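*Asks:* Just passing along the structure, written as structure tokens.
The values are calculated or read from the model by the stated rules, or taken from the named source; none is laboratory data. Just so it is clear, the model here is predicted, and its values are computed rather than measured. Methodologically, a virtual Cβ is constructed for each residue, glycine included, from the backbone with ideal geometry; neighbour enumeration extends over all protein chains shown.
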Amino acid sequence: MYLRKALIGILTLLEIIVILIIPTQISADVSNASVTAGNLLPFPQSIACDSTTKSLSSNTTVALSCWVVINDSNGYQNIDGLADASRAVQMELLNATENWNMAIYSSDAPYTRSRYYNSSCAVVASACSTGYTCTYNCSFKIWYNTWGSASADWQIMINITDESGGNSQWALNRTSYVTIQTLNAYSFTGEANNAITFGSVNPGAQSAEQTTPFWNTGNIVLDSQTNASADMTCQYGSINITNIRYNTTASSGWTIMAPMDYSQSNTHAILYTNFDLAPSTDYSAPVDPSSKDIYWVLNVPSGAGGTCWASIEVGSKT
């Protein structure tokens, strides 16, 4: 009897415990969180060119290739033009003579001696597959008459078009300097395959005036110098080299013209210091060099006969 009562008490206690540990159920509503991510403008993360010092080439172009890494925090897909790359990234190469903080030029604007423009830099497809960056290649053909100096006074400006809202920005990268060197180059073209041909002249007479152009195929102002290493040698006799005269003005007359000398340092001032042939200002490819004419007259003395010949040198002087 006592045992039975005890068991009943235990069972009752267990029943109470079980009831107490059953949790209370709680109900709740579900709310979705949302946000609109703002658009951040892309920016040039880095710029590098295949050369920081570029040497020019006489009467032609040299290539300059630059690469810019574009970073867009909204994802690389947000950079406009990834499908065709047209006008997504534009690059200008500017000399110190230009305003480095200018707005974008028209894509149709011609190049000048102090500015080059690439309106459709090419995306490097393998360089933008994931993440936030893409690499673009921008190439330029640098003409021989481009401004040159010994200092790094060319800088790069980038224009980037953003897919979201067509936003764009100019980015001046002041760490990417390029030096375009000076170029002393010329071409002297005499008649008959670089020869000054005076034709047939009787002894005691003067030749007709001959004309030869002197071309500036570089990017600096040039003077000129000339000389002959020896007198003209003839089949019969010889002609003193001073019997050849020159000028930069047509039909100036024998007495006004300067006599040829054996030494370049004795070149007359009309060539030596006052020639002042500036570089070409032609901006349409192919760029034509600037030029000035030099005029020549020969006085044939008595005693000279047959074919006469001399080596005349004409060069540049800076």
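Residues are listed down the side, and each one gets a yes or a no for (1) in the same structural domain as Ser114 (by TED's automatic domain parsing); (2) buried (at least 21 other Cβ atoms within 10 Å of the Cβ); (3) under 30 Å from Asn95 (Cβ atoms):
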{"site": "Asn247", "(1), (2), (3)": "no, yes, no"}
{"site": "Ser291", "(1), (2), (3)": "no, no, yes"}
{"site": "Val300", "(1), (2), (3)": "no, yes, no"}
{"site": "Cys308", "(1), (2), (3)": "no, no, no"}
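*Asks:* It is to be established whether one or more residues within the stretch 254-273 are surrounded by fewer than 18 Cβ atoms within 10 Å (Cβ to Cβ), assigned by TED's automatic domain parsing to the domain that holds Gly199 and closer than 17 Å to Ser200 by Cα.
*Replies:* Filtering the stretch 254-273 for residues surrounded by fewer than 18 Cβ atoms within 10 Å (Cβ to Cβ) gives 254-256, 259, 261-266, 269, 272-273.
Now drop any that are not assigned by TED's automatic domain parsing to the domain that holds Gly199, which leaves 254-256, 259, 261-266, 269, 272-273.
Narrowing the set further to residues that are closer than 17 Å to Ser200 by Cα leaves none.
Within the stretch 254-273, none of the residues are surrounded by fewer than 18 Cβ atoms within 10 Å (Cβ to Cβ), assigned by TED's automatic domain parsing to the domain that holds Gly199 and closer than 17 Å to Ser200 by Cα.
*Asks:* Could you identify the single residue in Ser120, Ser151 that is under 15 Å from Ile79 (Cβ atoms), hydroxyl-bearing (Ser, Thr, Tyr), within 17 Å of the chain's Cα centre (by Cα) and not in a strand (DSSP E or B)? Talk me through it step by step, then tell me what you get.
*Replies:* On the way: Ser151 fails: under 15 Å from Ile79 (Cβ atoms).
Of Ser120, Ser151, the one residue that is under 15 Å from Ile79 (Cβ atoms), hydroxyl-bearing (Ser, Thr, Tyr), within 17 Å of the chain's Cα centre (by Cα) and not in a strand (DSSP E or B) is Ser120.
*Asks:* How many residues, within the stretch 286-316, are in a loop (DSSP other than H, G, I, E, B) and of a type in the set (Asp, Glu)? Steps first, answer last, please.
*Replies:* We begin by selecting, within the stretch 286-316, every residue in a loop (DSSP other than H, G, I, E, B); these are 286-289, 300-304, 310-311.
Okay, now just the ones that are also of a type in the set (Asp, Glu), so 288.
Qualifying residue count for the region: 1.
*Asks:* Moving to a separate point now. Select, from Ile196, Ile220, the only residue that is outside the structural domain of Ala152 (by TED's automatic domain parsing), modelled with pLDDT under 95, among the hydrophobic types (A, V, I, L, M, F, W, C) and out of contact with any helix residue (DSSP H, G or I) (no Cβ under 6 Å at 6 or more places or on another chain). First the steps, then the outcome.
*Replies:* Numbers: Ile220 fails: modelled with pLDDT under 95.
When all the criteria are applied, what remains is Ile196.
Conditions (1) of a type in the set (S, T, N, Q); (2) farther than 30 Å from Arg113 by Cα, marked per residue:
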| site | (1), (2) |
| --- | --- |
| Asn216 | yes, no |
| Asn240 | yes, yes |
| Thr249 | yes, no |
| Thr255 | yes, yes |
| Pro259 | no, yes |
| Tyr262 | no, yes |
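*Asks:* Could we say that Asp282 is touching a strand residue (DSSP E or B) at 6+ places or on another chain (Cβ under 6 Å), within 29 Å of Asn59 (Cβ to Cβ) and among the acidic types (Asp, Glu) here?
*Replies:* Values: touching a strand residue (DSSP E or B) at 6+ places or on another chain (Cβ under 6 Å): no; within 29 Å of Asn59 (Cβ to Cβ): yes; among the acidic types (Asp, Glu): yes.
The answer is no for Asp282.
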